[in-house]
Structures are given as C-alpha cells and as structure tokens.
Amino acid sequence: MNNNIINEIKFVNEPILSYEIGSPERLELEKELNRIKNNFIDIPVIIGGKEIRTGSKGTCILPHNKNKIIGEFHKAEKKEVKMAIEDALKAKEKWEMMPWQSRVAIFLRAAELAAGPWRAKINAATMLSQSKTYKQAEIDSACELIDFFRYNASNLPQIYAEQPISPSKVWNKTEYRPLEGFIYAVSPFNFTSIATNLPCAPAIMGNVVLWKPASVAVYTAYVVYEILKEAGLPDGVINFIPGNAGEISDIVLKNKYLSGIHFTGSTKVFQDMWTKVGNNITNYRTFPRLVGETGGKDFIIVHDSANIESASRGLINGAFEYQGQKCSAASRAYIAKSLWPNIKEIIVEKASKIKTGDIEEIDTFMGAVIDQKSFNTIKSYIDYAKKSDDAEIIFGGNYDDSYGYFIEPTIILAKDPHFKTMEEEIFGPVLTIYVYDDKEFAETLKSVDNTSNYALTGALFAKDRYAIDQAQKALVNAAGNFYINDRPTGAVVGQQPFGGARLSGTNDKAGSKINLMRWISPRVTKETLSN
Ligand code: NAD
C-alpha cells in the first residue's frame, strides 16, 4: 500500500574524494583505468531493454593517445530509431503510473551506486574517453552526476506538493502529468554529469526518453546506462541510441509524438533542431518543449581594486581546467591597465607550470582536447592570432596531434576588444585578454555586454563595492551565472543552478525545479463538494 506522504527528501552535495597516493579510492581508480584499457568492449544500441548490434560501428578512442581503441559502438539506424520511439511509447503507461516514490527510489539507488561501487568505473571511463584528470572526473562524473540524481529526487515531492487554494465547499487539485509522447535527449561530450541528467531529469518526472549521446563520449554514456539498469530502471524508459546525429534527428524530429527536446551542446545544433521542429509544428500532437543549454563566450573582468593573486588564479583555472572545454570556461578577459604588469607576470608563470599530457599522471593539469575536428578548430584560431597585427601571443601557441590532440595553454593579448578570439566560442585552452584603461570601467562593461551574442557565465574581481554593484547592473543580461571574486566555472548542483540566456540557451537551469517543471504538464481538477 503506497499511502505515505513524504514532504521532504533531504539533499546534501556529494563530498569530493582526495585520491591521495595510496588511498583506497586511488587504488580502485587505477585498477579500473587498467581494466578499461585492457578490455575492448562492444557497445550495443539498447531499445526496450534489448541489446541490438547493427554492425554499423564507431570507435571509442583516448583523445590523449589517439591510436588506442578501447571499444566500438553500434550505431542506431533508421529502423532502430523507429523501434526506439515505438518501444518508448509502449513503456510509457506503466512508467507514468508507477508510484512516484518508486520512480524516485530508482534514481536514489543510482546515486548510491555511482557514489560507491561504480564510482571508480564511471570516473575511469570519463578520464580515458574524455581525457579528464582525476580531479576533473571526480567533480563531474562522480559528484555532479550523483548530485543531479539526488537533487532532482529531492525537488520532486516539493513540486507535487504545490497545490491551488480551495475555498469552502470546493476542492481544487493539481496533478503533474508527464508530457504526452516521448522526450529526445541529446548530450554533449564534455560533462558525463550533464549527459546523464539530460535523459534522467525527464524520466524522473515520469517521461520516456530516447537518449542520443555524443559519439566521442559513448563509452561513458554506456557505463551510465549500466548504472541505471543496475538501479532497476525498467526497460524502454530510456532508450540508448548512439549514432549519426543528423540522421537520427531527421526521424525523431518528424515524429508526431515528440513532446520535448532536452539538449546541451553547441548553439548552431540547437538552432538547427529548433528550425526543424518549427517546420514540422503542424504535425505534432502537442507543442514540443524545447530546452537547450548551448555555447558561451565567458568573461572575467578585473577591476583596479581587485586582489591580484585571486584574479590571476581565477584567470588560469577558469580558462584552462579541462583544456578550456567547459561551457563556462573563461575565454575573454578585461584587465585594468594599472594591474596588468603584475597580473601578466603571475599568469605567465602559472601557465608555464601547467603540465599538459597523460591524464593518468597525478600532476597533469590538462589532457588532450576531444578530437581531431576540435583540435583543428582551436589550432585555426591560434594561427589566426599568430598572423594578426592586432594580437600577440604572450604564452603558449603550440600544438601537436602526433600522439594525442594536445594544445598548449595559450594566452593572447588583443589590441582590439572586438578581436575575433574575444568574440567567438573556441572551446579550447585559449584565453584572450584585453587591457582597458582604469578610468574606462563603465565603457568596458558596455563592451563586455555587447561583444558576444552568448550570455552564459561571467566573473568580476573587485574589492570596490560601488564597482561590484555597477557591474552587476550593467551586466544583468550578460550572464546566467555571474561570479564575484571567483572564477566563472565550477557551478555546484543545488548551490548555483546553471544556465545562460541569449544564444547560450533557454536558461532552464539544469539541476533545479525550473528544469523539472519543463517535463510536466499540470492538470487541474475542480470538484464542487456541495452539488
Ligand atoms: P555539439 O553541438 O557538437 O554536440 C552536442 C550533441 O549534439 C552531440 O550528441 C551531437 O552528436 C549532437 N548533434 C550534432 N549535430 C546534430 C544535429 N544536426 N542534430 C541533432 N544533434 C546533433 O557539442 P559538443 O561538442 O558535444 O559540446 C560542446 C558545446 O556544448 C559547446 O558549444 C559548449 O558551450 C556547449 N555546452 C553548453 C553547456 C551549457 O550548460 N550551456 C554545457 C556543456 C556544453
């Protein structure tokens, strides 16, 4: 009998483990890294719980050792995509009728598995397939992923408890129905946690999902799928369909029962999907919900009152952790002229100490960028800066893809605040700096606001409270996540709900009630008790 009333599921952030040499977590992680490298796996498409091997395959490689193949994955083709839609819709009734406590229990169990017996597996997979250091993997594929599971679970009873008022003789009630149809979740390569949340947030609210992971991160996505299966997720609720994004999307986006898209990735791809949905709008059974968190051109401003040491640390960590491949990574900075000589000296020194290389070595700070395409794009921006009279490379600028896709941390000094690398998303370890006159703080804020069409994250380093207030006002629409005296990366679930506006996305704040609300459609019932 399921008649308990649960008002609160307590949430606390998962603690970050230290991985000191000789610690149990480090030994376990090393074991898993070796196991993955020595065991080639064959990853199927999974539809309605059935494993399907289509024979059309992609490979899973290590970006920092590009000839090392750790597995292959089968690509879903037209037939499998259609089958996935049918099986998802078949699973829908039973899933949405399941008591919510049971649904939540599955994801709370998944969190426990990821925190315990699967922690080393998911971290090792993230390190190898996405070239993350153990520190970056631990905060992503362990802590943030676990936090998403638990925080969504803790928000769910609060949403369901929100009820309308009922005057005398009337009883009003709201039911929070899942959407009619299925959700299409399309995930990026750079965060295992985000990739996991994209199918799981709609699923916890009672929806069925088709999940297309990024091809370069299928290996980790498959480990996530295994965790969900182990946690008891019923067949057909999340269908795993790696493959060619364009071909899969063409079928999915035309389907009458598409009820939502949950996307994280580049702006261009989201715009393309939105256009296709628009073109097909008269053919759907419902208006699909479009939720997308997309690109960024995230900034750091250093005011002349800033603490030089903390600003310099923010610039280096904000720009170069995970090779600058965080959507929130600092990629343009505006520094007050009076502080520049000191800051320049410190950041060049800090950058020169960054070790780029094999992510398995404990002192490596940066691994490789994700693939050849990304390497070529980043390289082209660096080459552009090298050739330009409007910029000077003050640190780095070298790259080498002979063994893996390695790019040195690169700092560009631009003479023009609208220099190409100040404006366009590069998604790599490249920071461009513009030095402004201390007296032109107000104009600089305007320039920060106007320079980019993105509005994801931004940071200000300053002690002067008037300057802080002035910046907060001037930049109100320039960032969905704004940081004062901290780097613009490292949002923590439940503490800094994440997302940006303008061309950075729909700002539905992953890992918050706002996001979960997008996957439900309330039905309100009025019952008159006196008739
Ligand atoms: P991407 O856009 O290349 O790929 C994202 C997903 O879209 C992948 O699964 C890919 O296969 C799929 N895709 C590609 N073409 C498609 C198409 N035509 N139709 C449908 N799906 C398609 O992005 P990426 O390289 O994986 O990730 C980097 C980008 O993601 C950056 O722009 C970054 O800023 C953004 N990002 C944003 C956030 C955020 O919260 N705002 C978080 C992480 C990443």
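Just to be sure before I move on: is residue 499 under 16 Å from the mean Cα position of the chain (by Cα), at pLDDT 95 or above and either under 26 Å from residue 290 (Cα atoms) or not assigned by TED's automatic domain parsing to the domain that holds residue 261 (or both) in the structure I sent? Yes; evaluated as a whole, the condition is true for this residue. With respect to being closer than 18 Å to residue 16 by Cα and either outside the structural domain of residue 362 (by TED's automatic domain parsing) or of a type in the set (Asp, Glu) (or both), residue 114 fits the description.
Taking the condition within 25 Å of the chain's Cα centre (by Cα), without any contact (Cβ under 8 Å) to a residue 12 or more places away in the chain and not in a strand (DSSP E or B), does residue 318 pass? It is false that residue 318 is within 25 Å of the chain's Cα centre (by Cα), without any contact (Cβ under 8 Å) to a residue 12 or more places away in the chain and not in a strand (DSSP E or B).
The residues on offer are 451, 444, 432, 421, and the sole one that is in contact with a Pro (Cβ under 7 Å, 6 or more places away or on another chain) and in contact (Cβ under 8 Å) with a residue 12 or more places away in the chain is 451.
May I ask you to verify whether residue 494 is touching a helix residue (DSSP H, G or I) at 6+ places or on another chain (Cβ under 8 Å), within 27 Å of residue 290 (Cβ to Cβ) and either part of a loop (DSSP other than H, G, I, E, B) or within 15 Å of the ligand (Cβ to nearest atom) (or both)? The answer is yes for residue 494.
For the stretch 486-505, a residue qualifies if it is over 24 Å from residue 9 (Cβ atoms) and touching a Lys or Arg at 6+ places or on another chain (Cβ under 8 Å), and the qualifying residues are 487, 489. With the requirement that a residue be buried (at least 24 other Cβ atoms within 10 Å of the Cβ), farther than 28 Å from residue 205 by Cα and over 17 Å from the mean Cα position of the chain (by Cα), what does the stretch 111-131 give you? If the condition is that a residue be buried (at least 24 other Cβ atoms within 10 Å of the Cβ), farther than 28 Å from residue 205 by Cα and over 17 Å from the mean Cα position of the chain (by Cα), then 124, 128 are the ones that fit.
In contact with a Lys or Arg (Cβ under 8 Å, 6 or more places away or on another chain) and not in a strand (DSSP E or B), is that true of residue 508? Here the answer is yes, as residue 508 does meet what is asked. Here are 347, 407, 370, 394: which of them is surrounded by 14 or more Cβ atoms within 10 Å (Cβ to Cβ), free of Cβ contacts under 8 Å to residues at least 60 places away in the same chain and either within 27 Å of residue 219 (Cβ to Cβ) or more than 16 Å from the ligand (Cβ to nearest atom) (or both)? Going through 347, 407, 370, 394 in turn, just one is surrounded by 14 or more Cβ atoms within 10 Å (Cβ to Cβ), free of Cβ contacts under 8 Å to residues at least 60 places away in the same chain and either within 27 Å of residue 219 (Cβ to Cβ) or more than 16 Å from the ligand (Cβ to nearest atom) (or both): 394. Once the stretch 410-427 is narrowed to residues that are under 27 Å from the mean Cα position of the chain (by Cα) and assigned to a strand (DSSP E or B), the residue that is surrounded by the fewest Cβ atoms within 10 Å (Cβ to Cβ) is 411. Checking each residue in the stretch 223-255 for being in a loop (DSSP other than H, G, I, E, B), touching a residue at least 40 places away in the same chain (Cβ under 8 Å), more than 10 Å from the ligand (Cβ to nearest atom) and not acidic (Asp, Glu) picks out 231, 232, 233, 234, 236, 237, 241, 255.
Looking at the stretch 76-110, which of the residues that are within 15 Å of residue 231 (Cβ to Cβ) and among the small types (Gly, Ala, Ser) is surrounded by the fewest Cβ atoms within 10 Å (Cβ to Cβ)? For the stretch 76-110, the residue satisfying everything is 102. Evaluate the stretch 132-139: report whether one residue or more is touching a helix residue (DSSP H, G or I) at 6+ places or on another chain (Cβ under 6 Å) and surrounded by fewer than 23 Cβ atoms within 10 Å (Cβ to Cβ). For the stretch 132-139, residues touching a helix residue (DSSP H, G or I) at 6+ places or on another chain (Cβ under 6 Å) and surrounded by fewer than 23 Cβ atoms within 10 Å (Cβ to Cβ): absent.
Conditions (1) within 16 Å of the ligand (Cβ to nearest atom); (2) not aliphatic (A, V, I, L, M), marked per residue:
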{"position": "147", "(1), (2)": "yes, yes"}
{"position": "154", "(1), (2)": "no, yes"}
{"position": "167", "(1), (2)": "no, yes"}
{"position": "204", "(1), (2)": "no, no"}
{"position": "212", "(1), (2)": "yes, yes"}
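For the stretch 13-20, the count of residues that are assigned to a loop (DSSP other than H, G, I, E, B) and free of Cβ contacts under 8 Å to residues at least 40 places away in the same chain is nonzero. Against the test of being among the aliphatic types (A, V, I, L, M) and part of a loop (DSSP other than H, G, I, E, B), the options 478, 442 yield a single qualifying residue, 478. Pairs are defined by a Cβ separation below 8 Å, a sequence spacing of at least 6 or placement on different chains, a first member in the stretch 107-125 that is within 17 Å of residue 150 (Cα to Cα), and a second member that is aromatic (Phe, Trp, Tyr) and modelled with pLDDT of 95 or more; the pairs so defined are 107/149; 108/149; 110/149; 111/149; 114/149. For residue 331, state whether it is crowded, with 24+ Cβ neighbours inside 10 Å and at pLDDT 95 or above. Judged against the criteria, residue 331 is a match.
The values are calculated or read from the model by the stated rules, or taken from the named source; none is laboratory data. As the structure is a prediction and not an experimental result, all values here were calculated from the model. Here Cβ is always computed from backbone atoms with ideal geometry, including for glycine, and neighbour counts include all displayed protein chains.
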